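The values are calculated or read from the model by the stated rules, or taken from the named source; none is laboratory data. This structure is a prediction, so every number in the text was calculated from the model and none was measured. Here the Cβ positions follow ideal geometry from the backbone for every residue, glycine too, while neighbour counts run over all protein chains shown. Just so you know, the surface numbers come from the protein's heavy atoms only, side chains and all, with ligands and any DNA or RNA stripped out. Shrake-Rupley method; radii C 1.70, N 1.55, O 1.52, S 1.80 Å.
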Amino acid sequence: SQGKSLCLGLVGSTTAAEVAGYADVAKQIIDLAVFGAAQNRSYTRLARFTDTIGNRVSGSHSLEMAIKYMYNAMAQEGLDVHLEPVKIPHWVRGKESAEMIAPRAESLAMLGLGGSVGTPPEGIEAEVLVVQSFAELKHRASEAMAKIVVFNQPFVSYGETVAYRANGASEAAKVGAVATLIRSITPFSINSPHTGLQYYQDGVKRIPSACITVEDAELMWRMAQKGQRIVVRLTMAAKTLPDADSFNTVAEIRGWQHPEQVVLLSGHLDSWDVGQGAMDDGGGVMISWEVLSLIKDLGLRPRRTLRTVLWTAEEQGGVGARQYYDQHKVNMSNFDLVMESDLGTFTPLALQFTGSDAAQKVMAEVVKLLAPINTTKLETHGEGTDISPWMQAGVPGASLHVADSRYFWFHHSEGDTMTVQDPRDMNLCSALWAVVAYVVADLQDMLPR
């Protein structure tokens, strides 16, 4: 057998043969999730959850209800469930509106950005300066004083373009602007505003910030190009209340041999206060719960603990997850793999993974077990706001790469509803998620760091 394992390639101390030995159990998991009694279950659970709770922004009563709902649902299934207390931001949108007064009257669809200050009760009425980049704002700084700055930046990618939403208010305030309207960070629009978090830089005046639609940003850009004087009135009653009490929701199947060692699966339970948060991140929550259900249904119990964590206040910058990390990092060496699904649960294409070369080799063998659903690709770079502290500290991390071209069409908008979700896609995501988590949790050895 020595010779056989050598020719199959030793991967750390986990052999390709050891991983290949899970082919039958992987097929059982896949069959149950995709064709069996669990077919469409994650989708049905998600519909029930979002239809009952709706959206659930950090600090809100509906987020509290969502946590109770998930705690009860997972406990009723016989899972080991508990809540871990954390403090989270409590920003309230309030009544808001924007209208163009000149060169003609036009109501502007808008959403205040998370964490923004409000306007005075009577609103802010000011002339508009339209720019396409931070560089242009700098170049035209002398024109910005007492103006509302409209950013009409093109969409390059979310990662790059989101800088305008995050930093637009402070950059405009530095040159004397009184408010900012940011073109929504999306490649596709049907006059839909997309909200999200924005940050105020220390020592810079805090000015109100909202997103407007791609269409209205382009309209005002064209007007400005013609030399027309544009005036907008912005009214926002947004305010930040004292931090609220909340919980990360934790459910487990304890390992039979090394219960202290953990494979962590996760999604975030909070959403923005628009749409239903079905895609961002109801889907990630439900497939991470579904893994435990599938393993339980099959009567399997891995060597290590499978732990599903439903994060609170991710949208506020991974707030719940950061506190979880601070509370648990003392046991860092027992965290085998951290997984997060927060980029949609559309058709799965690959597993994204961050870890040592030796761990990459093990994971490349693990994803071969997904041949029945044709997702045997391993890509570099696991990603997720909530698992990033662990990955930065050297813990292996994984995320789902899905066919996400439509993700940012609906992201942080009223369009994020159950209509975006597909039950078959969610079955496939659940199967992939479950096979990877179970096999890694059951291998003789932890993933090499």
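Table for the structure above
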read-out: Subset of region 353-380 (residues that are in contact with a Ser or Thr (Cβ under 7 Å, 6 or more places away or on another chain) and either at pLDDT below 95 or assigned to a helix (DSSP H, G or I) (or both)); value: VAL362, VAL367, LYS368
read-out: Members of region 212-240 that are within 17 Å of GLY123 (Cβ to Cβ) and assigned to a strand (DSSP E or B); value: ILE212, VAL231, VAL232, ARG233, LEU234, THR235, MET236, LYS239
read-out: Options THR213, THR240, THR249, THR180: the member that is among the polar types (S, T, N, Q), in contact with a strand residue (DSSP E or B) (Cβ under 8 Å, 6 or more places away or on another chain) and under 30 Å from VAL436 (Cα atoms); value: THR249
read-out: Selection from region 217-228 of residues that are touching a strand residue (DSSP E or B) at 6+ places or on another chain (Cβ under 6 Å) and either open to solvent by 10 Å² or more (accessible area, probe 1.4 Å) or farther than 19 Å from ASN191 by Cα (or both); value: TRP221, ALA224
read-out: Residue in region 74-89 that is touching a residue at least 24 places away in the same chain (Cβ under 8 Å), basic (Lys, Arg) and touching a strand residue (DSSP E or B) at 6+ places or on another chain (Cβ under 7 Å) present; value: yes
read-out: Qualifying positions in region 229-268 - within 30 Å of ALA146 (Cα to Cα) and either surrounded by 15 or more Cβ atoms within 10 Å (Cβ to Cβ) or of a type in the set (A, V, I, L, M, F, W, C) (or both); value: ILE230, VAL231, VAL232, ARG233, LEU234, THR235, MET236, ALA237, ALA238, THR240, LEU241
read-out: Unique residue being in contact with a Gly (Cβ under 6 Å, 6 or more places away or on another chain) and open to solvent by 20 Å² or more (accessible area, probe 1.4 Å) when the list is ASP326, ASP342, ASP281, ASP357; value: ASP342
read-out: Odd one out for LYS377 among (1) surrounded by fewer than 24 Cβ atoms within 10 Å (Cβ to Cβ); (2) charged (D, E, K, R); (3) within 30 Å of SER189 (Cβ to Cβ); value: (3)
read-out: Criterion: within 26 Å of the chain's Cα centre (by Cα), part of a loop (DSSP other than H, G, I, E, B), at pLDDT 95 or above and not polar (S, T, N, Q) - qualifying residue of GLU290, GLU315; value: GLU315
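Residue by residue, here is whether (1) at negative phi; (2) open to solvent by less than 60 Å² (accessible area, probe 1.4 Å) holds:
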site	(1), (2)
GLU143	yes, no
VAL150	yes, yes
THR161	yes, yes
ALA172	yes, yes
GLY176	no, yes
THR180	yes, yes
ILE185	yes, yes
LEU197	yes, yes
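Here is a yes/no grid of residues against (1) touching a Leu at 6+ places or on another chain (Cβ under 9 Å); (2) under 26 Å from VAL150 (Cα atoms); (3) not aromatic (Phe, Trp, Tyr):
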position: PHE35; (1), (2), (3): no, no, no
position: ASP51; (1), (2), (3): no, no, yes
position: GLY54; (1), (2), (3): no, no, yes
position: SER58; (1), (2), (3): no, no, yes
position: TYR71; (1), (2), (3): yes, no, no
position: VAL81; (1), (2), (3): no, no, yes
position: GLU99; (1), (2), (3): yes, yes, yes
position: GLY114; (1), (2), (3): yes, yes, yes
